[in-house]
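Okay, so here's the structure we're looking at.
Computed from the coordinates by the stated procedures, all read-outs in this text should not be read as laboratory data. Just so we're clear, the structure is a prediction, and the values are computed from it rather than from any experiment. Positions of Cβ are backbone-derived with ideal geometry, glycine not excepted, and every protein chain shown enters the neighbour counts.
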Amino acid sequence: MKRDGTCMSLWQNNIEDYISKTQELPSGIADVMIIGGGITGLSTALQLQKAGKKCVLVEAYNIGFGTTGGTTAHINTVLDTPYTDLIRDFGQEGAQRVADATKDAIALIKNNIEEHQINCDFKIVKGFLFAQNESQSKVLGEILEASRSVGIDANHVPAIPAPIPFEKAIHISHQAQFHPIKYLYGLAEAFEKEGGLLLQHTRVERVEEKGTIHVKTSRGPMEARYAIYATHVPLGVNVLHFRAAPYRSYAIAVKLKSNVYHDAVVYDMYDPYHYYRTQDIDGESYLVAGGNDHKTAHEANAQFCFQNLESHVRKYFDVDSVKFKWSSQYFESIDGLPYIGHLPGNPKSVYVATGYGGNGMVFSHVAALELSEKILNNRSKYKDLFDPSRIKLAGLSNFIKEQADVVAKFLGKWFYVKDLEALADLAPGDAKVVKYEGHSIALHKDDMGNFHAVSPTCTHVHCSVAWNNAERSWDCPCHGARYSFDGKVLTGPASKDLEPIKLKHE
Ligand code: FES
């Protein structure tokens, strides 16, 4: 199974590509087109298909290619945005409804697993949040009180199941975990069994409203009554690109010398925080640890993030070997709650779900419930909380109108490899943006010593991409588009590849 980066995640190990039953583009009008084959797309598609809608799910690569293949799959009721902040910003009632939404989401995950007999190592586990200094302890006490006030079962405990020194800790009952790709494949099978059409390797290039929704894909046109972007941020230029910021998070899966693995999800209270859990796969246990998050393309040497994470984990655990390391992308909203609902600036029949922060497993299922309720019954339980239009930003509509396509700058031009090679001085596997004869050129030298050159201008709205040396991708700092080493789109909102630059050897 492939993912949007070079590093292999624990979830890709021994997992083949999912083979869809659907190979041909459908004729006629679908009820709902779901764009994106991650956990949001498939959980929503299954809900709608089961309720009798004719759904088509399209994925640019293979299902699980995006963040679902790189998550650490914590299913938690205590969220990245603590209930102290939710009560402050949305009132006691608002915070209570967020807690209720997370409960509904976890119930849906359980129900999907039971009803469709998905074998995905789902497990209810204990959760622990621990403080390591006085100020964290004070905040922890407030989080405990706020979490209890919305019905979460939590209490102070004298010990945590991880060998990390702490000052204060709380236990939260009924957290959960699973193997995200096994779960995703189970959803896909159930969706297809219910009659849903699942098209992989089909890139959506344009979505237009002409009475119905007309979708141009890499394999031809399709038509639907509703469209759902389950791709994090949508294609094109939208206000949502300015309300959701892309972040990268790092994870490692390690073997421990002691072979003793804790059966819980555990979090510290730093910002960014570290998170730990155990996963058993094919008779082997792994400690999965994550953290060292940063804004996409804001870290000059992403490999340092892996090194820092590994030394942090080695400080506390008896690490024998690091078996897997990988990173993935998520989006933060402005106010800490996701954007789920009608996509601003689009026809009423176009929806989106994004801005989950580090709580993608839970919020993806909140989206499945909320979007299917909207499409099936024109009702919304949580519109006021999750409406993507809830945050107004001044001056954006003019900006959006003014954004034209990136103009081809390198048409008919070529460059000598030896000139760029001398300028860039790259080691195999490395890359940089170089200036040459007034041009910026994104240059990568692969492991075989071959050079690949592309324009560093992001095809979304013209920011300059930066090299991610951990995943060997060109990442855009503005709205999170990512491209392969040779400029192919890995993740939106860009829909066009980086402009190729011709190189000559002699
Ligand atoms: Fe928007 Fe690159 S993702 S400019």
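Numbers below:
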{"item": "Cα-only Debye scattering, the stretch 1-144: base-10 log of I(q)/I(0) at q = 0.16, 0.19, 0.21 Å⁻¹", "result": "-1.09, -1.28, -1.37"}
{"item": "Of every Cα-Cα pair in the stretch 25-90, the percent that sits beyond 18 Å", "result": "55 percent"}
{"item": "Rg and Dmax of the stretch 404-474, Cα atoms only, in Å", "result": "12.3, 37"}
{"item": "Karplus (6.51, -1.76, 1.60) ³J(HN,Hα), θ = phi - 60°, over the stretch 142-157, in Hz, Gly and Pro reported as x", "result": "5, 5, 4, 4, 5, 5, 4, 5, 9, x, 7, 7, 9, 7, 5, 9"}
{"item": "Computed [θ] at 222 nm, helices only, for the chain once each DSSP H run of length n ≥ 4 contributes -39500 (n - 2.57)", "result": "-8000 deg cm²/dmol"}
{"item": "Kirkwood hydrodynamic radius of the stretch 121-219, from inverse mean 1/r over distinct Cα pairs, in Å", "result": "18.0 Å"}
{"item": "Phi to ³J(HN,Hα) by Karplus 6.51 cos²θ - 1.76 cosθ + 1.60 over the stretch 127-137, Hz, x for Gly, Pro", "result": "x, 9, 10, 10, 10, 10, 7, 5, 5, 5, 4"}
{"item": "Label-point separation, ARG379 to TYR273 (7 Å along Cα→Cβ), nm", "result": "3.3 nm"}
{"item": "Residues with amide H under 5 Å from that of TYR339, placed H, sequence gap 5 or more", "result": "THR354, GLY355"}
{"item": "Under 5 Å, built H, 5+ apart or other chain: amide partners of PHE324", "result": "ALA253"}
{"item": "Alpha-carbon radius of gyration plus Dmax, which is the widest Cα pair, for the stretch 82-129 in Å", "result": "14.3, 41"}
{"item": "Those aspartates and glutamates that a straight Cα-Cα span of less than 18 Å connects to LYS255, excepting residues fewer than 8 apart in one chain", "result": "ASP263, ASP280, ASP282, GLU284, GLU310, ASP318, ASP320"}
{"item": "Contour minus Cα-Cα distance for SER311 and LYS103 (0.36 nm per residue)", "result": "71.3 nm"}
{"item": "Full-extension gain in nm, ASN111 to TYR436, via 0.36 nm per residue minus C-alpha separation", "result": "111.2 nm"}
{"item": "Pairwise FRET efficiency - ASN301 versus HIS214, Cβ, R0 = 35 Å, nearest 0.05", "result": "0.20"}
{"item": "³J(HN,Hα) computed for each position of the stretch 24-32 - Karplus, 6.51 cos²θ - 1.76 cosθ + 1.60, integer Hz, glycine/proline x", "result": "9, 5, x, 9, x, 9, 7, 6, 9"}
{"item": "Net dipole in debye of the chain [+1 Lys, Arg Cβ; -1 Asp, Glu Cβ; about Cα centre; nearest 20]", "result": "820 debye"}
{"item": "Isolated Cys residues of the chain, judged by Cβ distance under 4.7 Å to other cysteines", "result": "CYS7, CYS55, CYS120, CYS305"}
{"item": "Alpha-carbon Debye profile of the chain, log10 I(q)/I(0) at 0.13 Å⁻¹", "result": "-1.32"}
{"item": "Potential extension, GLU142-ASN259 segment - 0.36 nm per residue separation minus Cα distance", "result": "38.6 nm"}
{"item": "Inverse of mean 1/r across different Cα pairs in the stretch 323-388, Kirkwood, Å", "result": "12.6 Å"}
{"item": "Whole-angstrom Cα spans of the stretch 135-181 along principal axes, big to small", "result": "38, 30, 16"}
{"item": "Too-long pairs where the Cα-Cα distance tops 18 Å, listed order kept, from LYS325/LYS432; LYS257/LYS323; LYS50/LYS210; LYS50/LYS110; LYS103/LYS381", "result": "LYS325/LYS432; LYS50/LYS210"}
